Amino acid sequence: MVNTLAPEPTGRAEHGARPVAPAVAVRDRRGRRQTVVAYLFLAPVLLFFTVFLALPLGFALLLSMSRWTGFDLGGIEPVGPRNFTALFAAGSTFLAPVLTNTLLFALGTVVLALAGSLLVATCIDRLRFQGVWRTLYFLPMVTTVVAVGNVWKYMYEPGGLVNGVLNALGAGSVAFLADPATALPSVVVVQAWASLGSAILVLTAGLKAVPGTYYEAAALDGAGPVTVFLKITLPLLRPSLLFVCVTQFLTGLQSFALIIVMTRGGPGDATDVAALEMYRQAFSYGDWGTASAAAFVLFLVVLAVTLAQLWFFGRKGEDA
């Protein structure tokens, strides 16, 4: 008896299944080609970062644990962590005043630039021709640091503009850059003034992004301008404020050109900062190992400060 329920011969099923394997192979080949093309497009960027970031970083790490006077690679002498311990040994000036000056310089720059840019951005947001005002405040950003430093250096002179204004107001002249007590604050003011433009642009963009409905609701509730600013404007500006704080702190911690133009670290070591000290150790004293070790210490300080700011603003955002 013939079983009519028996399955058909498998030839047809096998014949229908044959295209499956080639289709998978085609997809695999296409995926591999796309991956290769993607890496070819990324190759210039990866090569750039390898040559100008990864290799110098590795070489700096090697130098931080070595003694080297420069020029002759065969003269690199491994010394282990001795360069790092020397930075914090008794009698070393790296921790105080160099690192202390660096942190004070960065902190002062952030406070002045943030307060000034927030005030100016709030005023600009209420004025007409806002593009003109933003352009005027941004002009110092397109001026070279050397020009800014020299102009302010002459303004701080005993016969300069700043002392002229003080004398007109009945006050005596101040040796801004010659007095160790006023040299660092004087340079901080210049750094904050020069960086106002970028901070104002960021904050004005943040103010434009605040929905007007919040202000309308606050006006209906009878909220005053101070309450509106503290309860609406500042909380909604938190991302912009975080960006300004982080970038200004990074700029302050790595500042070099303005200080070497205006004071060269003087008088004495009143304005000696980490970047200037690294420059001196490497190019003036030929101690590339100590300079590289100081660079890695500064990197850790920058990383710690940035993470602290991110945590602080993130915590404030959760509380809000």
- Taking the chain as a Gaussian network, where each spring joins two C-alpha atoms under 10 Å apart, which residue of 140, 235, 185 fluctuates the most? 235
- Which of these, 53, 230, 42, has the largest mean-square fluctuation under a Gaussian network model of the chain (Cα springs below 10 Å)? 42
- What dipole magnitude, in Debye to the nearest 20, does the chain give about its Cα centre under +1 on Lys/Arg Cβ and -1 on Asp/Glu Cβ? 1020 debye
- Task: Fewest Cβ neighbours within 10 Å first, please rank 221, 287, 125 accordingly.
- Result: 221, 125, 287
- First measure r as the distance between the Cβ atoms of residue 52 and residue 209, then evaluate 1/(1 + (r/R0)^6) with R0 = 45 Å and state the FRET efficiency to the nearest 0.05. 0.80
- Task: Just check segment 136-281 against the gyration tensor rule for me: Cα atoms, a ≥ b ≥ c as the square roots of the eigenvalues, rounded for a/c under 1.5, and otherwise prolate or oblate depending on whether a/b exceeds b/c.
- Result: prolate
- Ordered by fewest other Cβ atoms within 10 Å, a rough proxy for footprinting exposure, 109, 143 read 143, 109
- segment 32-163 shape via C-alpha gyration tensor axes, a/c threshold 1.5: oblate
- Item | Residue-averaged 222 nm ellipticity for the chain, from DSSP H runs of 4+ at -39500 (n - 2.57), nearest 500 | -20500 deg cm²/dmol
- Query: Using the Kyte-Doolittle scale, which helices in the chain average at least 1.0 and also have C-alpha atoms spread 27 Å or more along the helix axis, with helices defined as whole DSSP H runs?
  - Reply: 100-124, 288-319
- Listed by chain and number, the residues whose amide H is under 5 Å from that of residue 67, excluding neighbours fewer than 5 places away on the same chain and using placed H, are 77, 79
- Selection from 209, 178, 194 lying farthest towards where the dipole of segment 138-252 points positive, charges on Cβ: 209
- Query: Using a Gaussian network for the chain with springs between C-alpha atoms less than 10 Å apart, which of these wobbles most: 154, 137, 39?
  - Reply: 39
- Query: Size of the dipole of segment 186-320 about the Cα centre, Lys and Arg at +1 and Asp and Glu at -1 on the beta carbon, nothing else charged, in debye to 20?
  - Reply: 180 debye
- Among 275, 130, 108, the residue whose Cα sits farthest towards the positive end of the charge dipole of the chain, when +1 is placed on the Cβ of each Lys and Arg and -1 on the Cβ of each Asp and Glu, is 130
- Arranged by the count of other C-beta atoms within 10 angstrom, fewest first, what order do 155, 278 take? 155, 278
- Task: Please label the shape of the chain as rounded, prolate or oblate, based on the square roots a ≥ b ≥ c of the eigenvalues of the alpha-carbon gyration tensor (a/c under 1.5 means rounded; beyond that, a/b larger than b/c means prolate, else oblate).
- Result: oblate
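Just so you know, all these numbers are worked out from the coordinates, no wet-lab data involved. This structure is a prediction, so every number in the text was calculated from the model and none was measured. All Cβ positions, glycine included, derive from the backbone under ideal geometry; neighbour counts span all protein chains shown.
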